[in-house]
Amino acid sequence: QVQLVESGGGLVQPGGSLRLSCAASGNIFSIALMGWFRQAPGKQRELVATIPSAGNPGYASSVKGRFTISRDSAKSTVYLQMNNLKPEDTAVYYCKMVIEYKDYWGQGTQVTVSS
């Protein structure tokens, strides 16, 4: 059974930074895709960034230039470095991994950007 555990959320002032982590555990042979999504109150879940096992990462236009996604395949971990945070980045952030053609989601971590 595969589980994803996220960490790193919290409260930060506008212009600040946070780093999210998501580690997968269980019976894992290969992870094709890792990514981050977010869901703000009253809104649908939206894509933030993805990174494939080979190739370039992709970003939502709203975070491009401010957020950086990276992965450590040996540790089955994906990271999201978030800089210059804005109040509109406030949301629950979820990691997602595609492992052996199945989608797995983390439990979510709250990010609040407020002064």
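A few notes on this one:
- In the chain, lysine pairs closer than 27 Å at Cα, eight or more apart or cross-chain: 10
- Short to long, the 5 Å bins of the Cα pair-distance histogram for the chain hold 2, 13, 24, 25, 18, 10, 5, 1, 0 percent of all pairs.
- Cut-off under 5 Å, modelled amide H: who pairs with G16 long-range: L85
- Environment charge at Y93 (Cβ cut-off 15 Å; Lys +1, Arg +1, Asp -1, Glu -1): +3
- Gain on full stretching of the segment that runs from L11 to A60 - 0.36 nm per residue minus C-alpha separation: 15.4 nm
- For the chain, the share of DSSP beta bridges that are antiparallel, to the nearest 5, is 95%.
- Relative contact order [Cα under 8 Å, 6+ residues apart], the chain, whole percent: 37 percent
- Compactness of region 70-115, taken as the C-alpha radius of gyration over 2.2 N^0.38 Å, stands at 1.39.
- Cα lying deepest toward the dipole's positive end in the chain, options N56, M97, T109, charges on Cβ: N56
- Under the criterion of Cα pairs below 8 Å and six or more residues apart, the relative contact order for region 1-58 equals 25 percent.
- Taken over the C-alpha atoms, region 1-52 has Rg and Dmax values of 13.6, 39 angstrom.
Where a number appears in this text, it was derived from the coordinates with a stated rule and is not lab data. These numbers were taken from a predicted model, which means no experiment stands behind them. Using ideal geometry, Cβ is built from the backbone for each residue, glycine included, and neighbour counts are taken over all protein chains shown.
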